[in-house]
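Inspection log for the structure reproduced underneath, given as structure tokens.
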There are 2 protein chains.
Amino acid sequence: MNIINVWEKLAWNQGGNIVYIILDGVGGIPDPEKGKTELQVAHTPNLDRLAKQSSCGLLEIVGPGITPGSGPGHLTLFGYDALQYKIGRGILSALGIEFDLQPGDVAARVNFATMKADGTIADRRAGRIETQLNQRLSEKINQNVSLEFEGEYFFKTVSEHRAVFVLRGTELGGQLQDTDPQKTGLQPHGLQPQSQADQKTAQLVESFIKQVNQLLSDEYPANTILMRGFDCYNPLISLEERFKLKGVCIADYPMYRGVSRLVGMDVLPRPGGMKERFQALKSCYGKDYNFYFLHVKHSDSRGEDKNFEGKVNVLEEVDQLMPIVTRLNPDVLVVTADHSTPAVMGKHSWHPVPVMIKAKTARVDSVTTFDEYACMNGSLGLRSGLQLMGLALAHGERLKKYGA
Amino acid sequence: MNIINVWEKLAWNQGGNIVYIILDGVGGIPDPEKGKTELQVAHTPNLDRLAKQSSCGLLEIVGPGITPGSGPGHLTLFGYDALQYKIGRGILSALGIEFDLQPGDVAARVNFATMKADGTIADRRAGRIETQLNQRLSEKINQNVSLEFEGEYFFKTVSEHRAVFVLRGTELGGQLQDTDPQKTGLQPHGLQPQSQADQKTAQLVESFIKQVNQLLSDEYPANTILMRGFDCYNPLISLEERFKLKGVCIADYPMYRGVSRLVGMDVLPRPGGMKERFQALKSCYGKDYNFYFLHVKHSDSRGEDKNFEGKVNVLEEVDQLMPIVTRLNPDVLVVTADHSTPAVMGKHSWHPVPVMIKAKTARVDSVTTFDEYACMNGSLGLRSGLQLMGLALAHGERLKKYGA
């Protein structure tokens, strides 16, 4: 029995409210010129005040050297071992647009893309077409492409060049390779089915792509589609079943809404902005839930854009909104990230993320600012990201004593 | 193979003496007014001097967020994975009164309690009756209650309202639910036997309780009994078999004496006081044993009483006795706890406990005081409590080299 199963056994449906403020990609590394990380440069008096009242530390989200995607990163924070619970990106995208996935559905992410006459990909995102065009093309596909089998398919716009493809039928395998070659100048990859069930799916997907290519042949630049992240949907055992947590997600971006649904959380209607998310938290706090997950996306986006100052600005913007949360005085308030996205690197990274836990029972330490270096000296130490949920439950007095 | 099995393979019967001074529940969190923990407030020059000569650190006893009971806490310190070795409280209580448990015995903890005419429990402890009354009632039960089967039962006073019930026979199951409803105003629970062997035990226990209720009907307030912590006794593989340690326990409280017997340690006659325990350690040191476990109870008791100053006083009292230990100059001297019991919380908690290891081979660090914060900067870092035994064995030069 591992420690996570022990939390499951000890969790009871009493105790305090837990609030997670997840600053996506917040961890950084020092900018070579400034000698400081984004968090160190940002003026964040509210986050720093919170650090002074919290147990601080660092989380190595999935494991040493592992750069988590958003799915594994968030699952880990929610107490789901990302090495055990593997969710294809297609599933997450489908959940993220509130698509009502059924067990056994196979889903994939889709990009509209530009294919040259020689069959190679010229642009993996078709010049990031507008959502409106995406909608027209999706409509065209839905009206013209048909698959002959005992089930049905769904093709749904996400935004810009992104869409979702879902196959619903019986005995469909979900272990297919991405057709997206990840580089321009290459032809799409084959699906490489492994099992008979995968083979069935592969034939349907191949037929689908072939029909789409014919249908879109005059739709330059969006004249083809690329698929990736195939997976078969099986809902996870919920946060409520595992940890007696009735959770609610407050997020604007599909991915995070999707992960939340996957673990059985309710998902608030899109607040439509950062301030609106904080206000939505305030509005729903203390009512039907005991676990509140608020997601901040742009700290990650600016990091991915290599926009150091932009990321600093996002952090300062979050800081100004933090009093909305602290005035709620949650029993357990956690601020952390699902992974680092150093602006210096312009992508997700494996670096540990700072974390702080404010609670009556917190062993408040000497950390006075919320950043990657200050938190090194915190009382939580450097630990696996998977341990966060156990600590949050403990501080919420939501775990019984182990043994007598 | 996990690391504990490696210690087992590498342990040899040579090397130095290991002394564990276990300050039960010693870890705390800061008192909101004082801004300091019990250990930080206490004047402990001897413990602090020891910290200066030791490797210091923090132990997360069973795991992150897990609040250990005394049994799992101590098993962990002795190198027994508490997630693997689960011992019912009945077994621990029986061992604690030196009851000579045989393999296959089923034991439960008993409370004398007060039942109202409607069958609900008015007081789970019968007003904490005096030990003397408990003894008279136990005598009455032993003389009047009989069970018709091929074995026998034992009913023994522990102290105040506490007793132990043991069934000895063949093919008795030990997986029964507590009858203790844990709250007043409720009727006792049923035993919910799962297997045929449990069913056999359940019938005997039900008959026993029925007879006791009739017998004690005029014995207000102690007119019934509640049972909990049923378990079947199977001795653990001993410290000597596993780690080549011949251990001795110096403790006054039943629970700790019980856990020690369970892992094959000898248990000294009750010293009858804290100073007497330290003197008993001195008297037996270096003779028949190479592992000495001295237990200090009141640091936990004062914590559970929410008595911050009382806990501080216990720590200062221990400090004054520490020279008795240090003058023995043990090869390995460990000071730590089985869990935290912050006076602020008034109960066991999951917070890491400070630890120090003094040995010739210790990598002495810059820690100059023995407390939860100072030890954060120690050379042992923050680690699982289960790792302590391996480190103690290593510093005792009681582990061979691994591989060539």
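Side notes on the structure shown:
- Accessible area that becomes buried as A packs against B, both chains, 1.4 Å probe, Å², nearest 100: 2300 Å²
- Based on the convex hull around the alpha carbon atoms, the protein assembly as shown presents an average projected area of 40.2 nm².
- Packing-based ranking, highest mean first, of A:48-56, A:79-87 given that Cβ atoms within 10 Å are counted: A:48-56, A:79-87
- In chain B, Cα pairs under 8 Å separated by at least six residues give a relative contact order of 34 percent.
- Lysines whose Cα lies under 19 Å from that of B:LYS358, excluding same-chain neighbours fewer than 8 positions away: B:LYS52, B:LYS282
- Charging the Cβ of each Asp and Glu at -1 and of each Lys and Arg at +1, and nothing else, the dipole of the stretch A:94-232 about its Cα centre rounds to 440 debye.
- Note on chain A: antiparallel DSSP beta bridges, both residues inside, total approximately 60 percent of the bridges counted.
- Exam field: A:GLU241 pseudo-label spacings to other copies (7 Å along Cα-Cβ), nanometres: 3.9
- Across the identical copies, the 7 Å label point of A:GLN211, projected outward along Cα→Cβ, sits 7.9 nm from its counterparts, in ascending order.
- The stretch B:76-229: relative contact order in percent, alpha carbon pairs under 8 Å with at least 6 residues between: 29 percent
- Measuring r between the beta carbons of A:ASP266 and A:THR131 and using R0 = 25 Å, the FRET efficiency lands at 0.45.
- Carbon/sulfur fraction of accessible area - the stretch B:94-232, other protein chains in place, 1.4 Å, %: 42 percent
- Residue-averaged [θ]222 nm for chain A, counting only DSSP H segments that reach four residues, each worth -39500 (n - 2.57): -9500 deg cm²/dmol
- Inter-site label distance for A:LEU215 and A:LYS347 at 7 Å from Cα along Cβ, in nm: 3.3 nm
- Those lysines that a straight Cα-Cα span of less than 18 Å connects to B:LYS311, excepting residues fewer than 8 apart in one chain: B:LYS34, B:LYS36, B:LYS275, B:LYS297, B:LYS347
- On a per residue basis, the stretch B:1-148 carries 37 Å² of accessible surface, using protein heavy atoms and a 1.4 Å probe.
- Those residues of the stretch B:365-382 for which accessible area with every protein chain present is at least 30 Å² below the isolated value (1.4 Å probe): B:TYR373, B:MET376, B:LEU382
- Long-range HN-HN contacts of B:GLY173 with modeled amide H, under 5 Å: B:ASP198, B:LYS200, B:THR201
- When DSSP beta bridges are restricted to pairs lying wholly in the protein assembly as shown, around 60% turn out antiparallel.
- Put simply, the amide H of B:ILE225, placed in the peptide plane, has neighbours under 5 Å in B:ALA113, leaving out anything fewer than 5 places away on its chain.
- Those residues of the stretch B:64-90 for which accessible area with every protein chain present is at least 20 Å² below the isolated value (1.4 Å probe): B:PRO64, B:GLY65, B:ILE66, B:THR67, B:GLY69, B:PRO72, B:LEU83, B:LYS86, B:ARG89
- Listed by chain and number, the aspartates and glutamates whose C-alpha is less than 15 Å from the C-alpha of A:LYS400, apart from same-chain residues fewer than 8 away, are A:GLU8.
- Dipole moment magnitude, nearest 20 debye, the stretch A:1-118 about Cα centre, only Lys, Arg, Asp, Glu C-beta charged: 180 debye
- Normalised by the number of residues in the stretch B:190-344, the average gap of Cα pairs under 8 Å and 6 or more apart makes the relative contact order 17 percent.
- Label distances, nm, A:ASN142 versus same residue in remaining copies, Cβ-directed 7 Å point: 8.1
- Cα-based Lys proximity count in the stretch A:94-232, under 16 Å, for pairs eight or more positions apart or on separate chains: 5
- Highest-fluctuation residue, B:LYS311, B:LYS287, B:LYS200 considered, GNM on chain B with Cα pairs under 10 Å: B:LYS287
- Minimum Cβ-to-axis distance in chain B for the rotation onto chain A, with residue, whole Å: B:GLY381, 4
The values are calculated or read from the model by the stated rules, or taken from the named source; none is laboratory data. Everything numeric here is computed off the predicted structure, so don't read it as measured data. Counting neighbours? That spans all protein chains shown, and the Cβs are built from the backbone with ideal geometry, glycine included. In case anyone asks, the SASA skips ligands and DNA or RNA and just uses the protein heavy atoms, side chains included. Shrake-Rupley method; radii C 1.70, N 1.55, O 1.52, S 1.80 Å.
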